[in-house]
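Since the structure comes first, as structure tokens, the remarks are kept for the end.
What follows is calculated from the coordinates using simple rules that are stated; it is not laboratory data. Just so you know, these numbers come straight off a predicted model, no measurement behind them. Using ideal geometry, Cβ is built from the backbone for each residue, glycine included, and neighbour counts are taken over all protein chains shown.
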Amino acid sequence: MTTSIAPRRAAARSAARRGTLLGWLFAVPALVAYCAFVIYPLALGIQYSFYKWNGVGPSEWVGFANYLRVFTDATLLGSIGNAFVLIGFFTVIPVAAGLVLATLIRSLKPGPFSSLSQTILFLPQIIPLAAAGIAWSWMYAQTGAVNQVLSAIGLGFLARPWLGDFQTALPAVGLIGSWVLTGLCTVLFLTGIGKIDQSLYEAVRLDGASWWREFVTITIPGLRQEIAVLVTITVIAALSSFDIIYTTTLGGPGRATLVPGISIYRIGFTQSEVGLASAFGIVLMALVLACVLPIQRLARASDR
Amino acid sequence: MAFSRPRARFGRGPVAVVAIAAVAALGLAGCAPGGSSPTATNSVEVSTELTTDPVVLTIADETGFPLTDDLAAEFTKQYPNVTFNITRDTFANLTANAPKLLASDTPPDLIRLPTIGDTVKDGLLANLDPWFDAYGWDKWSEAQLAPLRMGDDGVRGHGSLYQLGLGYSITGIYMNTKLADQLGIKNTPTTLAELEEDFAIAKAGGVLPMMEGDKDGVVNFVVQAAINQYADPKELMDWILNVEGATYDTPGNVKGAELIKKWADAGYFPSDINSIDYATFVSRFQGGEGLFTFNGNWAAADTQAKMGDDVAFFLVPPVEEGGNHVAMGAANSFSVAAGSKHLNEIVFFLNWIHTNDKARQIVTDVTGAAPGGDPSQTQPKVAPGSLIENALAMSAQIAAENGQVDFMANATAGIYAGAIIPESQLLVTGQISGQDFVTAVQKFYADELAG
């Protein structure tokens with residue numbers, strides 16, 4: 001018996017090895033692209049962050065001096081603070097609104113009205129952020145649509161240049177992000193709800209549960225994965241935001257809407273301090289990971 | 001069951017990627033990024049004769065300024081063997097990409113370059129000194145050329161010539177004379193105090209005293225105009241040219257900035273100033289909003305076309321009656337790439353722009369700017385009584401009174417976006433004092449120069 005098992009095992013092992021090899025072979029094109037466009041630029045970024053370099057001329061090794069500047073410069077730290085405020089608008093509002101809207105749309109009878117509302121909600125998602133930023137900056141202007149609507153409904157005293165006002169600029173920019181991302185959240189939640197076992201809903205309804213009870217005990221737990229994915233995506237969008245700010249306020253007024261993305265762009269391309277810009281970029285990446293990894297962990301922990 | 005879907009498993013991935021990248025970075029650490037410091041030597045023999053071979057010259061210019069198109073067309077008409085390939089990008093993109101464009105294997109022969117920055121140190125710009133001698137540019141206005149020079153110490157204002165201007169600009173104040181008549185204002189102000197009186201009259205009469213915008217920092221035409229009247233022009237110029245030890249924190253600068261704060265508190269600026277950009281404030285002034293606006297000669301032709309005779313253009317008045325005028329003005333500066341394959345040809349083109357009557361006429365017609373070159377040469381023809389005629393006279397007056405200063409925004413590559421715009425947005429809404437403004441700008445300047 002033993003004599004016949006050993007060769008079979010060896011054959012199985014070599015088959016497995018061949019399988020692994022074949023697997024790697026299939027992965028090669030993707031790996032090459034990944035190394036060329038992710039790993040290599042990231043490695044270069046880390047390398048640059050230790051140099052004082054203008055992007056063209058000779059460079060000088062400066063150790064951690066660039067990182068020291070990132071952590072001691074009040075302007076740069078302030079921009080990180082603004083990015084965290086944006087999480088409220090890019091993550092909390094869209095995810096909450098998406099949950100509610102998806103539940104409401106699900107309760108509609110499937111038909112033209114339901115698909116129309118889905119399409120309308122998703123539309124902002126297909127508009128490039130830069131274009132959305134420009135369109136919104138017109139609507140937010142002193143004579144723009146927002147102030148016209150306010151005046152029309154008797155709230156004219158609230159009218160102001162929303163993007164030019166120190167108090168309202170950051171929330172105004174943040175709401176553009178909410179407008180764009182709510183559609184994405186709603187559509188993803190809708191597909192998620194579709195996958196929840198309908199018998200669960202019937203069960204709680206037989207128990208006489210209210211709409212709210214149903215929402216909390218069935219819908220939200222059932223959408224845990226979607227929530228984790230959306231929170232991850234939107235937190236990243238908030239912390240690394242660039243296009244909306246660039247097309248609406250350029251970080252102004254003052255530094256009210258300055259975010260890391262704009263700072264990095266300016267330091268790297270306007271001031272030509274590639275080392276400092278790289279260091280800030282690496283810090284931003286670390287920050288994004290520090291926020292996103294716990295979310296992943298939480299989603300997994302609650303799965304068990 | 002809905003609850004047993006496979007778990008998302010990208011938890012540990014990012015950390016691994018960063019770790020791999022960090023290891024790779026350590027591998028790269030042996031070699032420092034960037035080239036060695038090159039020595040700029042012009043590789044061709046200087047000639048003032050234009051070749052008869054067919055040549056294509058490339059120009060990188062900003063979007064929205066058609067001057068180079070018109071000049072190139074006229075040049076090709078006169079010298080058919082030379083044609084042009086002109087690419088355009090927005091001002092912000094062009095200035096951000098300029099060093100990389102110049103360092104590439106196929107740099108543009110001529111490039112719009114507002115600030116020299118590190119480009120001379122990195123050997124990216126052609127030194128124009130040999131042509132200066134060959135063409136005899138010593139007859140040209142040295143005051144206009146000085147800011148286009150840079151010394152070995154990295155300080156502008158002296159040393160070798162690295163740029164030339166396609167037109168030399170001048171700034172001042174536009175006044176809506178129709179509104180002035182309605183308010184009973186007869187003449188353009190001749191002192192700063194008179195200007196302030198006019199602001200007050202306008203405010204009391206329900207007219208916006210001045211139409212300005214600061215979304216993109218253009219209110220600094222006003223901020224610097226005020227500073228110019230109190231600052232020592234030499235000190236201010238030294239600061240802009242990065243002379244060692246020069247500071248922005250001078251009593252004159254503070255006084256000028258405090259005046260802006262006073263105007264902000266008095267409500268002389270539009271209430272939505274921080275959401276108004278250049279194009280918006282120009283069109284709103286041309287549409288009849290605001291008694292005054294601070295702008296440059298480049299807006300003269302367009303403003304005249306929109307407002308006809310209802311507009312005046314004049315120099316910012318000095319503090320004392322009859323005092324010397326000080327105004328910002330600068331070359332619309334272009335540089336030749338050190339790596340250009342057609343150095344003699346492109347410099348011939350630059351010399352032609354400054355000396356050929358037709359080219360000089362195009363510069364003035366398109367931009368309203370003085371064409372520079374030899375002051376004794378015939379000046380371009382302009383319509384009598386037009387704003388452009390005014391602009392040329394203002395340029396001449398500033399030259400005679402030696403009152404031209406460069407724009408503060410040209411002091412360093414990053415200062416406009418990094419300090420002047422955000423701090424002026426605070427200043428013109430009265431949120432910081434003049435002293436705060438001056439201190440913040442100086443701090444950014446010192447940090448940036450220290451790198």
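What are the lysines whose alpha-carbon lies under 19 Å from the alpha-carbon of A:Lys195, with same-chain residues fewer than 8 places away excluded? Cross-link targets: A:Lys109.
Out of residues 5 or more away from B:Ala331 or on other chains, whose amide H comes under 5 Å of its own, with H placed 1.01 Å from N in the peptide plane? The list, which skips near neighbours in sequence, is B:Ser169. For segment B:196-286, the Kirkwood radius over C-alpha pairs fed into Stokes-Einstein at 25 °C and 0.890 mPa s yields D = 172 µm² per second. Start at zero, step by 5 Å, and the Cα-Cα distances of segment B:344-390 spread as 5, 23, 29, 22, 12, 5, 2, 1 percent across the bins. Note on segment B:88-132: percent of Cα-Cα distances in each 5 Å bin, starting at 0 and stopping at the bin with the largest distance, equals 5, 21, 32, 25, 12, 4, 1.
Along segment A:116-124 the Karplus relation, 6.51 cos²θ - 1.76 cosθ + 1.60 evaluated at θ = phi - 60°, assigns HN-Hα couplings of 5, 5, 5, 4, 4, 5, 7, 3, x Hz to successive residues, with x for each Gly and Pro.
The Cα atoms of segment A:74-301 cover 65, 49, 26 Å along the three principal axes, with the biggest extent listed first. Packing, as the average of other Cβ atoms within 10 Å across residues, places the peptides A:88-98, A:59-69, B:320-330, B:106-116 in the order B:106-116, A:88-98, B:320-330, A:59-69, highest first. Taking the charge dipole of chain B about its Cα centre, with +1 at Lys and Arg Cβ atoms and -1 at Asp and Glu Cβ atoms, the residue from B:Pro99, B:Pro318, B:Val17 reaching farthest to the positive side is B:Val17.
With the convex hull drawn over the C-alpha atoms of the protein assembly as shown, the volume per residue is 230 Å³.
Pairwise Cα distances in segment A:162-247 exceed 14 Å for 71 percent of all pairs.
Counting only the Cα atoms, segment A:2-48 fills a convex hull of 65 Å³ per residue. Of A:Phe122, A:Phe113, A:Phe157, the residue with the greatest mean-square motion in the GNM of chain A, using alpha carbon springs below 10 Å, is A:Phe157. Shielding value for B:439-450 is 1, the average number of Cβ atoms from other chains within 10 Å of each residue's Cβ. Summary of packing: across the peptides B:262-269, B:362-369, B:381-388, the per-residue average of other C-beta atoms within 10 Å ranks them, highest first, as B:362-369, B:262-269, B:381-388. Residue farthest toward the positive end of the dipole of chain A, with Cβ of Lys/Arg at +1 and Asp/Glu at -1: which of A:Leu181, A:Ala10, A:Ala145? Sorting the options by dipole projection puts first A:Ala10. Sorting B:59-70, A:180-191 by average packing, meaning the other beta carbons within 10 Å per residue, from highest down gives A:180-191, B:59-70.
GNM on chain A, alpha-carbon springs under 10 angstrom: the most fluctuating residue among A:Ser278, A:Ser14, A:Ser151 is A:Ser14. Its relative contact order, with pairs defined as Cα atoms under 8 Å and 6+ residues apart, puts chain B at 23 percent. Across peptide B:92-99, the mean count of Cβ atoms from other chains lying within 10 Å of each residue's own Cβ comes to 3. Simple point charges give the picture: +1 on the Cβ of Lys and Arg, -1 on the Cβ of Asp and Glu, and for segment A:74-301 a dipole about the Cα centre of about 140 debye. Among A:Ala203, A:Ala169, A:Ala237, the residue with the largest mean-square fluctuation in a Gaussian network model of chain A, with springs joining Cα atoms closer than 10 Å, is A:Ala203.
If you take every residue apart from A:Ala159 with its C-beta less than 11 Å away from the C-beta of A:Ala159, what net charge results, scoring Lys and Arg +1 and Asp and Glu -1? Computed value for this residue: -1.
The lysines within cross-link reach of B:Lys234, meaning a Cα-to-Cα straight distance under 21 Å and a gap of 8 or more places when in the same chain, are B:Lys255, B:Lys443.
Our estimate of slack between A:Leu289 and A:Ser107, defined as 0.36 nm per intervening residue step minus the Cα-Cα distance, is 61.8 nm. The length gained by stretching the chain between B:Ser271 and B:Ala305 to full extension, at 0.36 nm per residue less their Cα-Cα distance, is 9.5 nm.
The HN-Hα couplings worked out from phi for segment A:289-300 by the Karplus form 6.51 cos²θ - 1.76 cosθ + 1.60 (θ = phi - 60°) are 4, 4, 7, 7, 4, x, 4, 4, 4, 4, 4, 6 Hz, whole numbers, x standing for Gly and Pro. Between B:Ala399, A:Gly88, A:Leu163, the Cα set farthest toward the positive side of the dipole of the protein assembly as shown (charges on each charged residue's Cβ, about the Cα centre) is that of A:Gly88. Calculated [222 nm] ellipticity per residue, helices only, for chain B: -12500 deg cm²/dmol; basis is -39500 (n - 2.57) per DSSP H run with n ≥ 4, divided by all residues, nearest 500. Among rounded, prolate and oblate, which fits segment B:123-269 when a ≥ b ≥ c are the square roots of the eigenvalues of its C-alpha gyration tensor, a/c under 1.5 means rounded, and a/b larger than b/c means prolate? In terms of gyration-tensor shape, prolate. Binning the alpha carbon pair distances of segment A:247-302 at 5 angstrom intervals from zero yields the distribution 4, 18, 18, 16, 17, 10, 8, 6, 2, 0, expressed in whole percent. Here segment B:326-451 is treated as an ellipsoid with the same Cα gyration tensor; its semi-axes, largest first and in whole Å, are 35, 23, 12.
Fraction of C-alpha pairs exceeding 44 angstrom in chain B: 19 percent, rounded to a whole number. A cut-off under 10 angstrom between Cβ atoms defines the neighbours of A:Arg213, and their net charge, with Lys, Arg +1 and Asp, Glu -1, is -1. Checking the Cα-Cα distances for B:Lys203/B:Lys262; B:Lys77/B:Lys139; B:Lys77/B:Lys100; B:Lys178/B:Lys203; A:Lys52/B:Lys121; B:Lys77/B:Lys306 against a 23 Å cut-off, the pairs over it are B:Lys77/B:Lys139; B:Lys77/B:Lys100; B:Lys77/B:Lys306. Across peptide B:411-422, the mean count of Cβ atoms from other chains lying within 10 Å of each residue's own Cβ comes to 4.
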